[in-house]
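So the structure is just underneath, and the comments pick up after that.
Quick note: the coordinates plus some simple rules give every number you see, no bench work behind them. Owing to the predicted nature of the structure, the values given are computational and were not obtained by experimental measurement. Cβ: placed from backbone, ideal geometry, glycine included. Neighbour counts: every protein chain shown.
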Amino acid sequence: MQKRTYVLLSLAFLLVFSAVGAVLHMGGHQAMAKEKHKKTLVMGTSADYAPYEYIDTTKGNKIIGFDVDVAKHIADKLGYNLVIKDMDFNGLVPALDSKRVDFVMAGMTPNAERKKKVDFSSTYYQAKQLVVTDDPKIKTIEDLKGKTIGVQLGSIQEKEAKKIADKVDKVHIEKRNKVPDLVQEIMSKRFDGAVIEDGVAIEYLNKNSDLRAFEIPDSATAGSAVALQKGSGLTADFNQQIAMMKKNGELDKIADKWFEPKSKKKAEKKSIVDFSTIMPSVPYILKGILTTLKFVVVSILLGFVLGTVLSLFKISKVRVLRWGADAYTSIFRGTPLILQLLIIYNATPQLTGYKIEPFLAGVLTFGLNSAAYVSEIIRAGINGVDKGQREASMALGVSYGSMMRQIILPQALKNILPALMNEFITLTKESAIIAVIGTTDIMRRAQIVGADTYRYFEPLITAGIIYYVMVMALTVLGRMLERRMSRGD
């Protein structure tokens, strides 16, 4: 009885911790929304596209940039507070289509495919297309023969890269989710170059003396516009404000602030590994621990409770319950976790109209997925308990529910505790994939720091150390529970 009480107290502690985390999470949103207007507009963006939108990790979690300043100006003039949501670029149009955001500003160029799903304002900035490379021998598109060039997935630069491939033989095109990924691939010598628009490329050229660029001849002049929901009543208002900003010089003023070329002074040669470069951004990465812990704790609780129910279904004498539990386990163990995450996050608004938040989508995905594995672990533990225990309970007239709750499950839990802790540790590590839906956990923050500093080894190793410490803490907790239960306390 004491063992059962101890386990329940442990779970209660986890529940309290998650509740506290949820309160802090809500408090953060309230603070963000505390502005001078009563109405709010939600802007979707991909904050890896400096100087359009990016995060200065040395100064906190704030998204800044050209698009942000333009959006703030327009929102203020229209009488709205501005709330910004960060996500992958290729998820922006789906987010707008599913009404998760009111508008999108991310250096996005209107094209026929996008216009089928969303409306666009008039253009507010014109850009040129460049090939960025670190190879001094590549000076024209003809020099790209037999080379590999990168483009951002879902961007206008994809079409420019295809035009190059049509003109030059044996040009291989690779796609990545983010522009910083393209630059990193160039620096890692996996790409020979990348197609990036001038307003973005200038930031990388200013910060890295090894990079150079040339303009693509006859390239389409990309015009950035605001993407809005289909049939949005805000389109006319945005067009009016953009026209006014062009007329009074406000757009030029903001553009000069963000697109002004910086000194071409050659950067100092840094050592291969230099953690001092990212030290100012380490507090930013550490803030992701709270997000990761909240996510992991709630997912573990959901997975354990649902897994227990499924395990009881699997040993039930009711065939329908056994079949349903086995089918559930088969589906969640037989499909990739990231596929389940994207289905829940992207398909839920399409099927139900409910705008599911990234945190909730992640918790549901990992909780439901973990339940499939936990159910098998608990089922094995229950089957491992001596059948004489059940027979004795039945002979004494103990009800099935009391027998499972007070006799069988406590013994099973003692036997399967190492396997359960292993599942929880695995979930903690796998939680890093929630970065793909824009949740600012440890991994996402490490990637942002890498994009901001152009150094990836140091922030990723820092993230690895944080995950390792968390896993070791879980391991110690598991051993403490094992020792406590083995003593029969």
> With respect to the cross-link table entries LYS355/LYS429; LYS38/LYS62; LYS117/LYS159; LYS38/LYS253; LYS85/LYS163; LYS175/LYS257, which display a Cα-Cα separation exceeding 24 Å?
Replying inline: LYS355/LYS429; LYS38/LYS253; LYS85/LYS163; LYS175/LYS257
> Over all distinct Cα pairs, what is the inverse of the mean 1/r for the range 239-360, reported as the Kirkwood hydrodynamic radius in Å?
Replying inline: 21.2
> What ranking do 361-370, 465-474, 226-235 get when scored by the average of other Cβ atoms within 10 Å per residue, highest first?
Replying inline: 361-370, 226-235, 465-474
> Charges only on Cβ, +1 for Lys and Arg, -1 for Asp and Glu: so what's the dipole of the chain about the Cα centre, in debye to the nearest 20?
Replying inline: 1360
>> Ranking request for peptides 121-129, 211-219: highest mean number of other beta-carbon atoms within 10 Å first, then the rest in descending order.
In response: 121-129, 211-219
> Net charge near ASP198, counting Lys/Arg +1 and Asp/Glu -1 over other residues with Cβ under 11 Å of its Cβ?
Replying inline: -2
> Could the peptides 73-83, 374-384 be put in order, highest first, of the mean number of other beta-carbon atoms found within 10 Å of their residues?
Replying inline: 374-384, 73-83
> In what sequence do THR426, THR348 fall when counting other Cβ within 10 Å, fewest first?
Replying inline: THR426, THR348
> Two-decimal Rg/Rh of the chain from alpha-carbon positions, Kirkwood Rh?
Replying inline: 1.05
> So for LYS414, LYS246, fewest C-beta neighbours within 10 Å to most, what's the order?
Replying inline: LYS246, LYS414
> What is the pair-distance distribution P(r) of the range 436-486, computed from all Cα-Cα distances in 10 Å bins starting at 0, with each bin given as a whole percent?
Replying inline: 25, 34, 21, 15, 5, 0
> Magnitude of the Cβ-charge dipole of the range 129-220, K/R +1 and D/E -1, about the Cα centre, nearest 20 debye?
Replying inline: 260
> Can you sort THR58, THR133 so the residue with the fewest Cβ neighbours within 10 Å comes first?
Replying inline: THR58, THR133
> Could you give the semi-axes, largest first, of the ellipsoid that matches the range 129-220, computed as the square roots of 5 times the alpha carbon gyration tensor eigenvalues and rounded to whole Å?
Replying inline: 17, 14, 13
